[in-house]
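Structure, as structure tokens:
The values are calculated or read from the model by the stated rules, or taken from the named source; none is laboratory data. Every value quoted in this text rests on a predicted model; they were computed, and no experiment measured them. For neighbour counting, all protein chains shown are included, and Cβ atoms are generated from backbone atoms with ideal geometry for every residue, glycine included. When the accessible area is computed, the model is the full protein with side chains, heavy atoms only, and any ligands, DNA or RNA have been set aside. Shrake-Rupley method; radii C 1.70, N 1.55, O 1.52, S 1.80 Å.
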Amino acid sequence: MNRNHFKEKYGPWALVTGASSGIGLEFSRQIAALGLNVILVARRKERLLSLADTLEKAHGVETLVVPTDLSKEDFLSGVQDATKGLEVGLLVNNAGFGTTGTLLENDLETEIKLLHVNCRAPLILAHAYGNPMKTRGRGGIIFLSSVVGFTAVPLWSNYAASKAYDLFLSEAMNHELKGQGVDVLALCPGTTEAEFQEVANTKQVMPMPAAVVVRLGLKKLGHKSVAVPGILNRLTVFFVQLFPRLWSRSVFGKAIAQLRKP
Ligand SMILES: NC(=O)c1ccc[n+]([C@@H]2O[C@H](COP(=O)([O-])OP(=O)(O)OC[C@H]3O[C@@H](n4cnc5c(N)ncnc54)[C@H](OP(=O)(O)O)[C@@H]3O)[C@@H](O)[C@H]2O)c1
């Protein structure tokens, strides 16, 4: 990837949600290594401060820590106040979490929070920061979807549906912004090294390194509308799209039942 081109196209500031862990932390690292200043958003302030310090020392970039709970109704005003005057050329809508279990047995409040963090917040941030990008005629937005965004998944019903939302929103925005200088990508990983499984209460089987997932996302931005890291994940998505959804629903449901922790 050409560092100068990346900076010109997506700089000077990137905003990464969920920067305190896993894929978002790795996005922050790789984006800083490409020379962009980074706005770090998540709830765990201490982790963000420590990451900010590391990125500034390692890459000589500027950082801004904006501790935020994206499930809150009015989260945007705090983020916008903190970033006032900064030109955000790259938005990584990464923050998200999953829940495991049958929907009716799961806690409704948590499921609503999931919708807010995984869907509502990315929508609001894309609208808030995408409009200035469109006016400037340059920029990029990455949405974290998932392999499970391509199908319904029993025991992950709300989570998989939220990732389908991210995938379709991203793909449609990519189309709407064609020729206007703003690139939109849906990044759809399978199991990746992160805290995701711990939060979702599932086992982690053969995870991909977050660094590999992020590298592919940054490479495909501006070239593709959807990127699926890893040959096995690409094969899975291929078969999910080839066969009736009844098949994938059943296969994924059985897999999550196996991975679910007692
Ligand atoms: N890991 C996988 O296997 C996998 C596979 C496919 C897709 N994904 C997607 O990748 C994205 C990143 O997840 P990850 O795998 O890196 O998991 P992770 O390590 O658990 O990271 C999740 C991030 O989201 C943030 N977050 C969660 N709730 C939040 C809230 N209410 N407000 C603000 N930030 C919040 C967390 O920060 P705080 O807790 O500090 O707020 C954390 O930084 C998610 O959208 C997930 O759906 C992951």
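Structure values in brief
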quantity	calculated
Extension gain from Arg136 to Lys45, taking 0.36 nm per residue of separation minus the Cα-Cα distance	29.6 nm
Long-range amide H partners of Val226 with built H, under 5 Å	Ala186
Neighbour net charge for Ala95 - beta-carbon separation under 14 angstrom, K R +1, D E -1	+3
Amide proton proximity set for Gly190, modelled H, under 5 Å, gap of 5+	Val147
Accessible-area composition of the chain, carbon plus sulfur, in percent [1.4 Å probe]	56
Ranking by accessible area, most exposed first, for Leu242, Leu40 with a 1.4 Å probe	Leu242, Leu40
Net charge contributed by nearby residues that have their C-beta within less than 12 Å of Asp69 (K/R +1, D/E -1)	+3
Dimensionless Rg/Rh of region 87-194 - Kirkwood Rh, Rg from C-alpha atoms	1.02
Dimensionless Rg over Rh [region 3-259; C-alpha; Kirkwood]	0.95
Sum of side-chain charges, Leu55 neighbourhood, beta-carbon under 14 Å (Lys, Arg +1; Asp, Glu -1)	-1
Solvent-accessible area per residue for the chain (1.4 angstrom probe, square angstrom)	48
Whole-Hz ³J(HN,Hα) from phi, Karplus 6.51 cos²θ - 1.76 cosθ + 1.60, for region 248-260, glycine and proline x	5, 4, 5, 5, 5, x, 5, 4, 5, 4, 5, 7, 4
0 to 90° range, to nearest 10: angle between helix 121-136 axis and the chain longest Cα axis	40
